[in-house]
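The values are calculated or read from the model by the stated rules, or taken from the named source; none is laboratory data. The shown structure was predicted, so the numbers you read here are calculated from the model rather than taken from an experiment. In this analysis, Cβ positions are derived from the backbone assuming ideal geometry, glycine residues included, and neighbour counts consider all displayed protein chains. Quick note on the areas: whole protein, heavy atoms, side chains included, nothing else; ligands and nucleic acids left out. Shrake-Rupley method; radii C 1.70, N 1.55, O 1.52, S 1.80 Å.
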Amino acid sequence: GKQWYQRRVRGDNGCYIPYPNYYYSGRLRPARRNERRTDVPKHIQHPDYWKDGTPLSEIQSRGVGQIRILNEEEIAGMRLAGRLGREVMDVAASMVKVGVTTEEIDDAVYNATINRDCYPSPLNYRGFPKSCCTSVNEVICHGIPDKRPLEDGDIVNIDITVFKDGFHGDLNETFYVGNVDEKGKKLVEASYECLQRAIASVKPGAKYRDVGNIIQKYINTQGFSVVRSYCGHGINQLFHTAPSVPHYAKNKAVGIMKPGHCFTIEPMINEGGWGDTLWPDDWTAVTTDGKRSSQFEQTLLVTETGCEILTGRKSREHGLQVL
């Protein structure tokens, strides 16, 4: 039981136990990782939090609550950030296989990001130690890349945000590692499908609070649950800003979509109950029952007639990427 889990630390020979008294909800354990990088080239524009971790501009805009309508120049900046974010995601996706560590994926993400003259937005955001989030199995979001090798049957979400010339582009996807069981595949496919349905509802005049009704209605039919603690968000020159976009039904989100609004939808779907809890690293959010969680995310721009997926794949093919 508990004792056995406390001793067994995957990917690090059982000798790395950073939180000896913490009771983990599932089988995943933290592994060692390298120190936070501080070597982003100076010629790349850095966000305001790069040095001390405090996103001052975000904090200052908190009270406003207004949803910004972006002008043509800002929309062009968001299109570029979204396109480059997608390119970095494609690099990360190509790394996913049995035996690769999430830290190796993070290193590839860092290199692909700075090679495109972008700053990796997660790096030192509120002190986050890495350039992307990697969330394995029962991790809902904000998993920290480390030296644990991916195992056959894992699912792993990779969340990428790049900061290019003052704008953030944010997306995430969940990948299969080797042979994933049928229930795991059904979970990942449901999390993908509910995002497509939500995106199809985005148009001028739609209410932000209705996004969650669409997602939860579908997820209920699949026998899964929707995480309530983490929401989609406005994104522009700020990494996270108004609006807040909850993914569950009967939420109290404020606002009506208008052309020029830019935001993410990123439903986190759990195999079991919707509850979440935090590891003592203060980042890694996991399911309270230790069952798996899956997620997909896109950055969206509301247009006159519907929406543009700024982080979408360039090809017409828009299916699940199965690795």
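Structural remarks
- Reported count of residues in the range 177-195, each being touching a residue at least 40 places away in the same chain (Cβ under 8 Å) and open to solvent by 10 Å² or more (accessible area, probe 1.4 Å), is 4.
- In the range 197-239, residue surrounded by the fewest Cβ atoms within 10 Å (Cβ to Cβ) [restricted to those that are under 16 Å from the mean Cα position of the chain (by Cα) and not in a loop (DSSP other than H, G, I, E, B)]: HIS233
- Tabulated pairs, the range 234-252, first farther than 22 Å from GLU72 by Cβ, second part of a loop (DSSP other than H, G, I, E, B) and open to solvent by 30 Å² or more (accessible area, probe 1.4 Å), C-beta under 6 angstrom, 6+ apart or interchain: SER244/CYS231; VAL245/CYS231; PRO246/CYS231; TYR248/ARG228; ASN251/ARG209
- If you go through the range 150-162 and keep only what is over 16 Å from SER294 (Cβ atoms) and open to solvent by 10 Å² or more (accessible area, probe 1.4 Å), you end up with GLU151, ASP152.
- Exactly one residue among SER94, SER135, SER131, SER121 is in contact with a helix residue (DSSP H, G or I) (Cβ under 6 Å, 6 or more places away or on another chain) and not hydrophobic (A, V, I, L, M, F, W, C), and that residue is SER131.
- Among residues of the range 262-282, those that are out of contact with any strand residue (DSSP E or B) (no Cβ under 8 Å at 6 or more places or on another chain) and in contact (Cβ under 8 Å) with a residue 24 or more places away in the chain, counted: 2
- Enumeration of residues in the range 97-140 that are of a type in the set (A, V, I, L, M, F, W, C), open to solvent by 10 Å² or more (accessible area, probe 1.4 Å) and either closer than 18 Å to CYS231 by Cα or assigned to a loop (DSSP other than H, G, I, E, B) (or both): VAL98, VAL100, CYS133
- Residue match in the range 147-156 (condition: farther than 22 Å from MET95 by Cα and of a type in the set (Lys, Arg)): no
- Residue in the range 273-296 that is assigned to a strand (DSSP E or B), surrounded by fewer than 18 Cβ atoms within 10 Å (Cβ to Cβ) and over 15 Å from the mean Cα position of the chain (by Cα) present: yes
- Screening the range 240-260 for residues that are more than 24 Å from GLY273 (Cβ to Cβ) and not in a loop (DSSP other than H, G, I, E, B) and picking the one that is most open to solvent (accessible area, probe 1.4 Å) gives ILE256.
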